[in-house]
Amino acid sequence: MKNFINIRDIPKKDLKKIILDAKKRKIKRKKLSILDTDKGSSLKGKILIQMFEKSSLRTRLSFYIAIKQLNGEAITLRTDELHLSKGGESLEDTAKIISTFGNAFMIRTDSDEKLEEFKKHMTIPIINGLSPSSHPTQVLSDVFTIEEIKKKSISKLQICWIGDANNNVINSLIEASIKFSFKLNIGCPKKYKPNKKMLSWVKKNKGNVKIFNDSKSAAKGSDVIFTDKVISMNDKVNKLKKLKDFKNFKVDFKVMNYAKKNAIFLHCLPRGTEVSNDVFLSKRSKVWQQAFNRIFVQKSILLYCLGKLR
């Protein structure tokens, strides 16, 4: 049994194996409809139990379609319908019941501590569909998308992140930069840089992560420009003040033009004011391909966790 909670905890060879499997699966599905099952590896008779404590569109859809394409089934739980939130049932008892009924558990949670507590009591694999400090399924899928478009290993590319550098997506992207050995430039206001613990981990692992306090310097010579909503789902801040702090960190064509001519734009969605409409809807924007690719990587993650990845 293998969990998928943080990219930093998963061996490099396993991450690459997941990516390779996802690439093969996408190629083989060219002539299949969305709910046609994959040929080969199957999760027939397996049930994925999903629990959402936070709003979800892409994660919800991609995991549901992923398990269906593997010939398995999905059950989706809402915490406001469970005894866990309203009936006083303990998290430990809830974890044991889920483990009894399901074969894998994917949770999108508002608490890293809760994720760890579930892990402690589960006897089936647990997948982190998003937590306050980590979004590993999103970022591994982004690595897949970048390599698919650029047709080369991400280790040969320069990746740029512009925006808040202390949220779950950038945390997982930093972890991926270590695992996949790529150069990562971060453009953010001074008080929004990665937390000290993360920077210490980067230094310990000899990562190639550079922080700039302006977006153009960060974007210079990059192959990929990432950004995310300035006000994330976890933010409990003065929103107007934070938006003001980021007024000079909007991804527009002035910023894109500092990157390479063939640089692409990615965004995990949903979007806000952090990207101009002309960039978001341009040919350089690959956000729809990025979102759709989550299906293929999610399938390979499920197979990995259930010991079925060849």
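Amide H contacts under 5 Å for VAL251: VAL275, SER276, restricted to partners 5 or more places along the chain or on a different chain, H placed in the peptide plane at 1.01 Å from N.
Using heavy atoms of the protein chains and a probe of 1.4 Å, the accessible area assigned to ARG271 is about 90 Å².
Centre-to-centre separation between the Cα atoms of region 20-92 and those of region 236-266: 33 Å.
Counting pairs on different chains as well as pairs 8 or more places apart, how many Lys pairs in region 50-170 have Cα atoms under 15 Å apart?
Numbers: LYS54/LYS114; LYS96/LYS114; LYS96/LYS119; LYS96/LYS120.
The result is 4.
Of all lysines in the structure, those lying under 16 Å Cα to Cα from LYS203, and not within fewer than 8 positions of it along the same chain, are LYS179, LYS183, LYS193. Placing TRP161, TRP201 in order of accessible area, with the largest value first and a 1.4 Å probe, yields TRP201, TRP161.
For MET51, the residues 5 or more places off, or on other chains, whose built amide H falls under 5 Å of its own are LEU77, MET106, ILE107, ARG108. Each of PHE253, GLY272, ILE124 was scored by the projection of its Cα onto the charge dipole of the chain, and the greatest displacement toward the positive side belongs to PHE253; charges sit on the C-beta of Lys, Arg, Asp and Glu. Listed by chain and number, the aspartates and glutamates whose C-alpha is less than 17 Å from the C-alpha of LYS39, apart from same-chain residues fewer than 8 away, are ASP21, GLU73. Phi angles across region 40-49 convert, under the Karplus curve 6.51 cos²θ - 1.76 cosθ + 1.60 with θ = phi - 60°, into 3J(HN,Hα) values of x, 3, 9, 10, 4, x, 9, 10, 9, 9 Hz, Gly and Pro given as x.
Remark: region 178-192, residue by residue, has Karplus-estimated 3J(HN,Hα) of 6, 5, 9, 6, 10, 7, 10, 9, 10, x, 7, x, 3, 8, 10 Hz, where x stands for each Gly or Pro and the curve is 6.51 cos²θ - 1.76 cosθ + 1.60 at θ = phi - 60°. In this structure CYS268 has an accessible area near 20 Å², from a 1.4 Å probe over the protein heavy atoms. Rg over Rh for region 166-310 works out to 0.98, both radii taken from alpha-carbon positions and Rh defined as the Kirkwood radius.
Quick check: with the 1.4 Å probe, what order do LYS203, LYS114, LYS120, LYS150 take by accessible area, largest first?
LYS203, LYS120, LYS114, LYS150
Coordinate range of the alpha-carbon atoms in the chain per principal axis, descending: 53, 46, 38 Å. The magnitude of the dipole of the chain, with charges of +1 and -1 set on the Cβ of Lys/Arg and Asp/Glu and taken from the Cα centre, is near 1620 debye. Please list, in chain and number order, the residues 5+ apart from ILE211 or on another chain whose amide H is under 5 Å from its amide H, with Hs placed from the backbone. The answer is ILE186.
Hey, what number do you get for the chain at 222 nm if only DSSP H runs of n ≥ 4 count, each worth -39500 (n - 2.57), divided across all residues, to the nearest 500?
Details: 14 runs with 128 residues, N = 310.
Helices in the chain give a 222 nm mean residue ellipticity of -11500 deg cm²/dmol.
Measuring with a 1.4 angstrom probe and ignoring ligands and nucleic acids, MET1 comes out at about 140 Å² accessible.
The values are calculated or read from the model by the stated rules, or taken from the named source; none is laboratory data. Quantities reported herein were computed from a predicted structural model and do not represent experimental measurements. Cβ: placed from backbone, ideal geometry, glycine included. Neighbour counts: every protein chain shown. Note: accessible area is taken over every heavy atom of the protein model, side chains too, but ligands, DNA and RNA are not part of it. Shrake-Rupley method; radii C 1.70, N 1.55, O 1.52, S 1.80 Å.
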